[in-house]
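Where a number appears in this text, it was derived from the coordinates with a stated rule and is not lab data. Worth saying up front: this structure is predicted, and the values here are computed from it rather than measured. Ideal geometry is used to build each Cβ from the backbone, glycine not excepted, and the neighbour counts take in all protein chains shown.
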Amino acid sequence: MAAAAKTTAKSAKPRRTRRTARRDPLAISLLKKDHREVEGMFDEYEQLEKDAEKLALFSKIALALKVHTQIEEEILYPEERGEVDDDMLDEAYVEHDGAKKLIAEIEAMKPGDDYYDAKVKVLSEYIKHHVKEEEQPGGLFSQAKKGDEDLDAMGERLKARKEELMAQYSGKAVN
């Protein structure tokens with residue numbers, strides 16, 4: 001019976017997970033949180049049928065992407081130049097530019113217009129590709145974590161700038 005109690009106690013130990021590395025620095029965790037939120041919104045969009053709901057949700061997606069790309073371009077990318085491969089940063093800027101153009105095209109349309117849903121879907125796929133490149137092993141975030149930049153302090157700057165931009169954009173129409 002003592003052996004059974006020992007086995008039960010042993011199996012009650014918390015299971016170790018693969019994630020043995022220390023937590024992500026604040027800058028990386030904030031940006032990853034943004035990524036998950038936008039991915040969720042795109043998933044939700046695919047379930048919608050009513051044009052008014054599509055328009056409202058796309059407005060939220062557009063706002064989130066505009067703010068996210070702006071804080072990356074104003075803070076993360078310039079401060080990581082030299083810490084991260086130049087080609088990777090250049091590609092990230094180009095991917096942002098493509099996303100911004102597609103967002104502007106979609107904002108100039110209405111749900112129900114030809115290709116509206118298709119463009120939202122392509123934007124979703126485009127963003128998923130960009131996120132994968134930032135988050136994958138050896139990607140932008142991985143390289144940034146290996147650099148000398150204080151990513152917790154950068155996270156505070158990203159957070160403050162995001163709050164400022166959200167307030168600014170919320171005060172005027174996004175479309």
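A viscosity of 0.890 mPa s and a temperature of 25 °C, combined with the Kirkwood radius over C-alpha pairs in the Stokes-Einstein formula, give the stretch 24-170 a diffusion coefficient of 154 µm²/s. Once you sort the root eigenvalues of the Cα gyration tensor of the stretch 107-175 as a ≥ b ≥ c, which label holds: rounded (a/c under 1.5), prolate (a/b larger than b/c) or oblate (the other case)? Oblate.
From its DSSP helices (H runs of at least four residues, each -39,500 (n - 2.57)), the chain gives a residue-normalised ellipticity at 222 nm of -24000 deg cm²/dmol.
As an exercise, identify the trypsin sites (Lys or Arg not before Pro) in the stretch 134-175 lying in DSSP coil whose Cβ has no more than 14 other Cβ atoms within 10 Å. Sparse-neighbourhood loop trypsin sites (Lys or Arg not before Pro): Lys172. Whole-Hz Karplus values for the stretch 133-138 come out as 5, 6, 9, 5, x, x Hz, taken residue by residue from phi with 6.51 cos²θ - 1.76 cosθ + 1.60 and θ = phi - 60°; glycine and proline positions read x. Model label points for Lys60 and Lys159, set 7 angstrom from Cα along the Cα-to-Cβ axis, are 2.3 nm apart.
Can you tell me the relative contact order of the chain? Whole percent, Cα pairs under 8 Å, sequence separation 6 or more. Once normalised by length, the contact order is 37 percent.
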